[in-house]
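Engineer: Take this structure, written in structure tokens, and hold onto it; I'll ask about it next.
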Amino acid sequence: MVYEASPLNPVSGTRRRVLAAALAALLGAGLALAAPPTVPTVVVGAGTSDSGFEIDGGLQALQQSTVAAQLGGSVLQLAVKAGDRVKAGQLLARIDERDAQAGLARTDAALAQAEAQLSNARVDAQRTRELRSQGFISQAALDIAETQLKAAQAGVQQAQSARSQATLARGHAAVTAPFDAIVLATHVEAGELATLGRSLVTLYAPGRMRAVVQLPASRTAAARAAATVQVQLPGGADSRWVTPVARTELPGTDPVSQTVEWRLDLSAADSTGLQPGQNVRVRFAGAPAAARAAATAAAGRLTVPAAAVLRRGELTAVYAVQDAGFVLKAVRLGAAQGTSVEVLAGLRPGERVALDPVRAGLAGATPTAP
């Protein structure tokens, strides 16, 4: 049925005008969508670099140790579990000591035998001296008796040392805590075989913590020149930045990862409530301008805004300007520097990259001047 405008049908004219306006709006939207997007760009390395950089790290206890078995045998008892607080000397685990007890008995018997041989050698040496003084035997016979006496004395000393060692080994059947600590982890269960040197329990003293970061070797010069170093403690919205009381750079670079380990000791007050393994953020900032420029020149560092990086799974890439459009380039990234990120490979100084990689990937996207 067709409606026509007439004095008898006034609604049809209004409906026609509404439909015309909606059609014009849809056509306008289609034309807008069809227009190629323009994407702002930035020149690689042209921006001013931040005065510092940040890197992720982890917490370690300032005093931590893994207690290992010094005696082979079955674990008869595991007296602690993860999270327990222990005192110095408190029992951690007990190892079957029957073999050590048998060894101690053998050394007792060997010591008794050596002492009997020593007593016999003394009597024989004394008798030989008397006979020599009376001229009944030769000097050679006396020398032999004296040598046998010395050998018997050495045999007693050897047996005594063996007994001391067996006694010490028997004492290792009871594994105790070396200091007041919290049990971080247990590595065996009752009934398992504890071989010599096998880890049993890991402990840490809760009083002091330190932040540990694996710093890229290219960053060490900037880190050494940093005027301030701060650690962001875990805590979500309540996280705060603190200044470590001491910092240590280990003298060596890992040959595989090309990183240097830095240890930042926290004060006892800042360590309250922290646990080993928690993630922290470390900031190196405030380096003099000359030092920053020297470090940048030495490393040949390039940076791009973090928003310009496209991440798809393991792929990290940027859209670089080529002719009148964009081309996707894979890049290898380094440490973050505030709102920027270091580019280790994939770009050259002076190239232009898109600030919005999503729009730059649309068909017909065109770059704008930086």
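The values are calculated or read from the model by the stated rules, or taken from the named source; none is laboratory data. These numbers were taken from a predicted model, which means no experiment stands behind them. Every residue, glycine among them, receives a Cβ derived from its backbone with ideal geometry; neighbour counts consider all protein chains shown. All accessible areas refer to the heavy atoms of the entire protein, side chains included, with ligands and DNA or RNA removed. Shrake-Rupley method; radii C 1.70, N 1.55, O 1.52, S 1.80 Å.
Engineer: Which whole-number value in Å² is the accessible area per residue of segment 113-153, probe 1.4 Å? Numbers along the way, then the final one.
Structural biologist: Numbers: 2860 Å² over 41 residues.
With the other protein chains kept in place, segment 113-153 gives 70 Å² per residue.
Engineer: Under 16 Å from the Cα of residue 87, which aspartates and glutamates turn up, not counting those fewer than eight places away in the same chain?
Structural biologist: Qualifying aspartates and glutamates at Cα under 16 Å: 180.
Engineer: Here's a follow-up. Just to verify a number: what accessible area does residue 262 come out at with the full protein assembly present, 1.4 Å probe, Å² rounded to tens?
Structural biologist: Solvent-accessible area, nearest 10 Å²: 10 Å².
Engineer: Which percent of the accessible heavy-atom area of segment 315-370 goes to carbon and sulfur, probe 1.4 angstrom?
Structural biologist: Within segment 315-370, the accessible surface is 56 percent carbon and sulfur.
Engineer: Another question about this same structure. How large is the accessible surface per residue of segment 195-256, computed with a 1.4 Å probe and reported in Å² as a whole number?
Structural biologist: Value for segment 195-256: 50 Å² per residue.
Engineer: Probe 1.4 Å, all protein chains in place: accessible area of residue 59 in Å², nearest 10?
Structural biologist: 10 Å²
Engineer: Separate question: Out of segment 302-361, which GluC sites (Glu not before Pro) are coil in DSSP terms and have no more than 11 other C-beta atoms within 10 Å? Could the numbers behind the result be given before it?
Structural biologist: Numbers: sites: 314, 342, 351; in loops: 314, 351.
Hits after loop and neighbour filter: 314.
Engineer: Can you tell me, using C-alpha contacts under 8 Å and at least 6 residues apart, the relative contact order of segment 76-193 as a whole percent?
Structural biologist: 54 percent
Engineer: Could I ask something else about it? With every protein chain kept in the model, how would you rank 358, 183 by accessible area, 1.4 Å probe, largest at the top?
Structural biologist: Greatest to least solvent exposure: 358, 183.
Engineer: Using a 1.4 angstrom probe on the protein heavy atoms only, could you order 172, 187 from most to least accessible area? Let's see the in-between values first.
Structural biologist: Numbers: 172 45, 187 80 Å².
Of 172, 187, the descending order of accessible area is 187, 172.
Engineer: How much of the accessible area of segment 179-231, in percent, comes from carbon and sulfur atoms when a 1.4 Å probe is used? Before the final figure, lay out each step's value.
Structural biologist: Working: 1160 of 2120 Å².
Result for segment 179-231: 55 percent of the exposed heavy-atom area is carbon or sulfur.
Engineer: Round to a whole number: what % of the accessible area of segment 102-155 belongs to carbon and sulfur, probe 1.4 Å?
Structural biologist: Values: 1890 of 3480 Å².
Answer for segment 102-155: carbon and sulfur cover 54 percent of the accessible area.
Engineer: Near residue 245, within a Cβ-to-Cβ distance under 13 Å, what is the net charge of the other residues, with Lys and Arg +1 and Asp and Glu -1?
Structural biologist: +2
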